[in-house]
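The values are calculated or read from the model by the stated rules, or taken from the named source; none is laboratory data. Keep in mind that what you see is a predicted model, and the values were worked out from it rather than measured. Note: ideal-geometry Cβ built from the backbone for every residue, glycine included; neighbour counts use all protein chains shown. To get the accessible areas, we keep the full protein, side chains included, count just its heavy atoms, and leave off ligands, DNA and RNA. Shrake-Rupley method; radii C 1.70, N 1.55, O 1.52, S 1.80 Å.
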Amino acid sequence: MKIGDLVVEPVFDGVMNVPATAFKGTTDDVWAPHRQFLDADGRLEFALGGFLVRVPGGRLVLVDAGIGARSGPAMSGSGQFSGGELLNSLAKQQVQPGDITDVVFTHLHFDHVGWASHEGAIVFPNATYRCDGRDWAHFQGNERTMSTLAPIADRLVTWDGSGPLVPGVDLMSAPGHTPGSTIIVLSSGTARGLLLGDVVHCPVELVDDEWAGLGDVDPELAKRTKNALAREIEGTDTPVAAAHFPGMVFGRLLSANGQRSWVV
Ligand SMILES: [Zn+2]
């Protein structure tokens, strides 16, 4: 995906597979009109990984760092996840860990910080690690997140809400999923694209305002944030991708006759 002079590439770490009804309040009937978002078995496949942003001038920004070299049950045992491929994926993209200049976390859930460190050692030795300060405060007591982030704590730089990060990469505060949840805005010339983090997990959440999210710290705020985003992007040419969309593929939210639809 090219956004003006920026090049954005998915970096796969693994997948998580859960029943569609992991979305609270949904049934097979609720999903019937939305089967385009499900796999052949009627389940949801979530990608795990991050996005590599190649910024003209040499910055190599990794947005989210996958789940790490682990596997196990997901969503109260009704699904499975497995990770571990992120560094292999980067190598196939001709990127070594030392080349990454910035690791930017959309939020600090464990499936986004997995490769910050590995077995106690920093994985990206030349990178500045970055996240919203509200998430850094919120996750201090979270063992799964902090065990991975402890080795990089002294090279973590926090931001405070929306604003510029590096040229071409801006931050849009999007609280609710977590207190410091952030959308990454990529822009170059007149081109613009968004990395949504976990503001949505499946495009169906953008199509239907009533659809609730997954794993939100503040579900009501998360829904307001998600619906404001949908209103902002519907009917525009802005490509968006979220961390867990299958294949980490960008899509657009179309709008016609008061109905939204998702196209990739
Ligand atoms: Zn996630």
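Return yes when residue 127 is away from the ligand (no atom under 16 Å from the Cβ) and surrounded by fewer than 21 Cβ atoms within 10 Å (Cβ to Cβ) and no when it is not. It would help to see each step written out before you state the result.
Values: away from the ligand (no atom under 16 Å from the Cβ): yes; surrounded by fewer than 21 Cβ atoms within 10 Å (Cβ to Cβ): no.
Taking the combined requirement at face value, the residue does not satisfy it.
Considering only segment 69-89, state which residues are without any contact (Cβ under 8 Å) to a residue 60 or more places away in the chain and assigned to a strand (DSSP E or B). Don't jump to the end; show me each part of the working.
Quick first cut of segment 69-89, residues without any contact (Cβ under 8 Å) to a residue 60 or more places away in the chain only: 69-77, 87-88.
Answer for segment 69-89, where residues must be without any contact (Cβ under 8 Å) to a residue 60 or more places away in the chain and assigned to a strand (DSSP E or B): 71, 72, 73, 74.
Pick out the one residue from 239, 203, 164 that is over 25 Å from residue 83 (Cα atoms) and in contact (Cβ under 8 Å) with a residue 60 or more places away in the chain.
Details: 203 fails: over 25 Å from residue 83 (Cα atoms); 164 fails: in contact (Cβ under 8 Å) with a residue 60 or more places away in the chain.
Of 239, 203, 164, the one residue that is over 25 Å from residue 83 (Cα atoms) and in contact (Cβ under 8 Å) with a residue 60 or more places away in the chain is 239.
If I ask for residues that are of a type outside the set (S, T, N, Q) and within 19 Å of the chain's Cα centre (by Cα), which ones from segment 130-155 would you list? Step through it out loud before you land on a result.
Filtering segment 130-155 for residues of a type outside the set (S, T, N, Q) gives 130-139, 141, 143-144, 146, 149-155.
Those that are of a type outside the set (S, T, N, Q) and within 19 Å of the chain's Cα centre (by Cα): 130, 131, 132, 133, 134, 135, 136, 138, 139, 144, 146, 149.
Can you give me the ranges of the strands (runs of 3 or more DSSP E) entirely in segment 149-264 with at least 3 residues that are open to solvent by 40 Å² or more (accessible area, probe 1.4 Å), hydrophobic (A, V, I, L, M, F, W, C) and within 27 Å of residue 65 (Cβ to Cβ)? Please lay out each step first, then the result.
Details: elements: 156-159, 163-166, 169-173, 182-188, 191-195, 252-256, 259-263.
Hits in segment 149-264: none.
Kindly indicate which of 20, 40, 47, 65 is on the phi < 0 side of the Ramachandran plot, among the small types (Gly, Ala, Ser) and surrounded by fewer than 20 Cβ atoms within 10 Å (Cβ to Cβ). Let's see the steps before the verdict.
Values: 20 fails: surrounded by fewer than 20 Cβ atoms within 10 Å (Cβ to Cβ); 47 fails: surrounded by fewer than 20 Cβ atoms within 10 Å (Cβ to Cβ); 65 fails: surrounded by fewer than 20 Cβ atoms within 10 Å (Cβ to Cβ).
So the residue among 20, 40, 47, 65 that is on the phi < 0 side of the Ramachandran plot, among the small types (Gly, Ala, Ser) and surrounded by fewer than 20 Cβ atoms within 10 Å (Cβ to Cβ) is 40.
For segment 208-244, give me each residue that is touching a Phe, Trp or Tyr at 6+ places or on another chain (Cβ under 9 Å) and at pLDDT below 95. Step through it out loud before you land on a result.
Looking only at segment 208-244, we keep the residues that are touching a Phe, Trp or Tyr at 6+ places or on another chain (Cβ under 9 Å), and these are 211-214, 223, 226, 239-241, 243-244.
Of everything in segment 208-244, those that are touching a Phe, Trp or Tyr at 6+ places or on another chain (Cβ under 9 Å) and at pLDDT below 95 turn out to be 211, 212, 213, 214, 243.
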